[in-house]
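Worksheet: the structure to be examined is printed underneath.
Here, each number is a calculation from the coordinates, and none is a lab measurement. The model shown is predicted, which means the values in this text are computed figures rather than measured ones. Cβ placement follows ideal geometry from the backbone for every residue including glycine, while neighbour counts extend to all protein chains displayed.
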Amino acid sequence: MLPPSIFFTRLPVHTDIIAIAILYAGQLQLLASSTSRLHHSVLLRLRALHAHILASGFKPGNYLLNHLIHLYSKQGDIPSAHRLVQTAPLPDAVARTSLINAYSNAGDLYLARKVFEETPVLVRDTIFYNAMISGYSRAGKGLLAVCVFRSMLRDGFHPDDYTFTGVLSAGAYVVDLDLIQCQQLHCPAVKLGAEPLVPVSNALIALYSKCDSWDAGMHARQVFDNMPERDELTWTTMIVGYVRESDIFSARQLFDEMNERFDVVWNSMISGYVHHGHFTEAFEIFRRMLSLKLPLDEFTYTSVLSACANAGLFGHGRSVHARIIRNGPDFDPKSALPVENVLVALYSRCNKMDLARRIFDGIQMKDSVSWNTILSGYVNLGSMDDARPIFESMPRNSQLPWMVMMSGLVQSGFSEEALKLFNRMRAENVDPCDYTYAATFSACGDLGALEHGRQLHGQLIALGYESSNSAGNAIITMYAKCGAIEEAHFVFLVMPNVDFVSWNSIIAAFAHHGHGIEAINLFDMMIKEGLHPDRLTFLTVLTACNHAGLVDEGLRYFKFMQRDYGIIPGEDHYARLIDLLGRAGKIEEAKDVIEEMPFEAGPTIWESVLAGCRIHKNVEFAIHAADKLFMMIPRHHGSYVLLSNIYASFGRWEDVASVRKLMKDRGVKKEPGCSWIEVENTVHVFLVNDTSHPESHRAYIFLEVLGAKMRKLGYVPDTSFVLQDVESERKEYVLSTHSEKLAVAFGLLKLAVGAKVRILKNLRICGDCHNAIMFMSLATGRDIVVRDAKRFHHFKDGECSCGNFW
């Protein structure tokens, strides 16, 4: 303990009591005004002085006691302050007020309220009530603050401007605040004459701005208009209130009426414009700030750069960045952080990841926003190799980085890795949210992992996320992609709140499963529900018509989209229409559509033409379409394969050889076909002519036995799908080793009797395999579902849901 001599010399024996009190009061005043930043040092000096007072035998009065209590409270030594209150002969309101403030500042509202309740009403004063109201207000406990205010009025105390400022600020934290509650707090302020005071009026405006009532803004404006004088907070609160109500027009009107040049108000106006997507107006305000030479701070730059990032205006953003560098604003690391974060977002969204990374690496005080922004930048570009080390280096105690990483992995084709990451997330005790589950459902859908998806669906329900639309929509798509269209439809039917995405998801599900009529019926139901279809909705409807061969309906919806909804068809819509016409053999009509398109046909158009020509063996137009594709996407293997198929079907082996040579010369490699099936939560993958799977030998033997039974039922291998000039027996052998046949055979062997066999293939199913699986379903009496690169095929009793229109 520091010696008493640091304060004063020994007191004379006959020193006057008043003089002693004055001396101690002076020392306490010195400590109160101490500029020392060493909190511990001040507390030690305070304790030393208190010890000297006790050792001297002097009995301090309320004034000195209150001073000691206040200083102990201010230094955070609340137990010492509380002991003084308890040992004081008659502690007054000042002492108890200091204690309430101390407990409130320390976040212990229970003990603060205990001191409040234990204080007799006769000892209390207005400042005492203000301390309790203020404590609740700072903690966001609106209802409790209002209750203290009401008890203050009942106890006969007169509120002052601090009382009203505190209780009105607290009122804004009341959940589901309505207009009547606002007016109940407003009335006492009017009745007691406090409304004209600027702080009280500001708090009233803020209160009405937080109210959900449609006419609360009118009451806030009435308070604003009645104010005899206004300050910067008045203008800011009123303008921010309009912005929050999405009334950007009124906010701008009020802004233009303001004669003072309050920096915060200008920043608020820019922020409001950016928040509502009015980027041009935000830039206009920013330019006016520059011309008026108003000071620009981190809030100004953050809002303007956000506008550049959201609008994709790389040039504008770079100019603002250059201004920051040129003017060198005196930002400390904490103030600079929001600006640096938004710069990372700007360059990331403009695909300038080298610049984004350079700024990120230079941030001195990185926060979660910094890490998540750079991670999202890499993920959105599909640069998972760069995203992985960022993810491993960053803090991962929140859900967001896991969700971003899993979504990126799924979008980049790493669905299996995404599911492993989900398991790791659980192992690291991070609770997944509904958006994280949505990413895992997408991964299950891509892999066809139906059982795994069902288990995750059960977890989601157990966690109470079943009402989440993001998860529900992902579940619909997951079940649909796994071939369980009935379960997808059931999820849609039991969703408590279906939205626009839900309708699009279920229509797309039925479309890809070849249930065109059902998809169209759902579309009509969606219209009756009052929802307006968008371009994606019409794309799914055209897909449904395409897969079901509904030519007249497809043409009708294509016209309907333009005529009734003003949606201009894109290349993807035209591609669906041309694919529909081509598969139906209407090649000339498809040519007419291409000639009438308002833009040049792109790759998706010519791919649709080539597919139609393959089905109907139109060699001449197929060659024309292939030539277009070879120029547009010279390294895409699908175009070469389709043309080879067409040549092979006519026995034009020299032309097949020339296509293969062209592929070799251009370095184009055909993607190997593979099929996979989930059995007992394990995904089994099969390749063409596969011998790597441990049970492939059993599958080949089973196929041989089953093949004999299929031939008795009428199955004849279609060797036209073999793109090799070999003998007929060799062609039949090549067909028997296709991956989808092996996967179906494995499923029939391993799955329980009567269980539906679901397999997935990375390429389109070949014509012979399609025919063979129809006979497999007939010979075994089993339902078989195949998802290929384009659609689903449901095989049952020797028939396919596609009606051989695929």
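Using a/c under 1.5 as the rounded threshold, could you call segment 402-496 rounded, prolate or oblate? The axes a ≥ b ≥ c are square roots of the C-alpha gyration tensor eigenvalues, and prolate needs a/b larger than b/c, oblate otherwise. It is oblate, given that a/c is not under 1.5 and a/b is not larger than b/c. Taking a ≥ b ≥ c as the square roots of the eigenvalues of the alpha carbon gyration tensor, segment 674-800 is rounded, as a/c is under 1.5.
To the nearest ten degrees, helix 571-583 and the longest principal axis of the Cα atoms of the chain are 20 degrees apart. Only the Cβ atoms of Lys and Arg (+1) and of Asp and Glu (-1) were treated as charged; on that basis the dipole of the chain about its Cα centre amounts to roughly 1800 debye.
Using a Förster distance of 35 Å, how high is the FRET efficiency between ASN105 and THR280, based on the Cβ-Cβ distance and rounded to 0.05? Could you put the intermediate results ahead of the total?
Values: r = 46 Å, r/R0 = 1.30.
After rounding, the FRET efficiency stands at 0.15.
Report the FRET efficiency, 1/(1 + (r/R0)^6), for GLU232 and LYS756, where r is their Cβ-Cβ distance and R0 is 60 Å, rounded to 0.05. Computed FRET efficiency for GLU232 and LYS756: 0.30.
Karplus-based coupling profile of segment 523-537, in residue order and whole Hz: 4, 5, 5, 4, 5, 5, 6, x, 8, 8, x, 10, 5, 5, 4, with θ = phi - 60° in 6.51 cos²θ - 1.76 cosθ + 1.60 and x standing for Gly or Pro.
Placing unit charges on each Cβ (+1 for Lys and Arg, -1 for Asp and Glu) gives the chain a dipole about its Cα centre, and among ALA345, SER250, PHE224 the Cα reaching farthest toward its positive end belongs to ALA345. Projecting label points 7 angstrom from Cα along Cα→Cβ for SER720 and LEU153 puts them 8.9 nm apart. By how many degrees, between 0 and 90 and to the nearest 10, does the Cα long axis of helix 142-154 differ from the longest principal axis of the chain? Value to nearest ten degrees: 30.
Count the net charge of all other residues whose Cβ sits under 11 Å from the Cβ of CYS211, scoring Lys and Arg as +1 and Asp and Glu as -1. Before the final figure, lay out each step's value.
Numbers: positive: LYS210, ARG244; negative: ASP176, ASP178, ASP212, ASP215, GLU245.
Summing Lys/Arg as +1 and Asp/Glu as -1 gives -3.
Taking other residues whose beta carbon is less than 13 angstrom from the beta carbon of GLY803, and scoring Lys, Arg as +1 and Asp, Glu as -1, yields +2.
Which of TYR72, TYR565, TYR715, TYR110 comes first, and how do the rest follow, when ranked by fewest Cβ neighbours within 10 Å?
Working: TYR72 25, TYR565 13, TYR715 21, TYR110 8.
Fewest-to-most Cβ neighbours within 10 Å comes out as TYR110, TYR565, TYR715, TYR72.
Counting only helical runs of four or more DSSP H residues, what would the 222 nm mean residue ellipticity of the chain come to if each run contributes -39,500 (n - 2.57) and the total is spread over all its residues? Let's see the in-between values first.
Working: 42 runs with 542 residues, N = 806.
Counting only the DSSP helices, I get -21500 deg cm²/dmol.
Between GLU486 and LYS334, the modelled label-to-label distance comes to 6.2 nm, taking each label 7 Å out from Cα in the direction of the beta carbon.
Could you sort the peptides 507-513, 481-487, 586-592 by per-residue average Cβ neighbour count (10 Å cutoff), highest mean leading?
On the way: 507-513: 26.0, 481-487: 21.4, 586-592: 16.1.
Taking the mean over residues of other Cβ atoms within 10 Å, the ranking is 507-513, 481-487, 586-592.
Taking a sphere under 13 Å around the Cβ of GLN364 and counting the other residues whose Cβ falls inside, with K and R at +1 and D and E at -1, yields a net charge of -2.
With the Cα gyration tensor of the chain giving a ≥ b ≥ c as the square roots of its eigenvalues, does the rule (a/c under 1.5 for rounded; else a/b larger than b/c for prolate; else oblate) give rounded, prolate or oblate? Present the calculation step by step, with values, prior to reporting the outcome.
Working: a/c = 2.73, a/b = 2.36, b/c = 1.16.
It is prolate, given that a/c is not under 1.5 and a/b is the larger ratio.
Scoring 334-346, 375-387, 432-444 by mean Cβ neighbours within 10 Å over their residues and listing the highest first yields 432-444, 334-346, 375-387. Here the simple spin-label model places points 7 Å from the Cα toward Cβ, and for VAL121 and GLN222 these points are separated by 3.3 nm. Highest-first packing order for the peptide set 285-295, 546-556 is 546-556, 285-295, based on the mean count of other beta carbon atoms within 10 Å.
Ordering GLU596, GLU245, GLU298 by the number of other Cβ atoms within 10 Å of each residue's own Cβ, fewest first, gives GLU596, GLU245, GLU298. Cα axis of helix 62-74 to longest principal axis of the chain: angle in degrees, 0 to 90, nearest 10? With both axes taken from Cα atoms, the answer is about 20 degrees.
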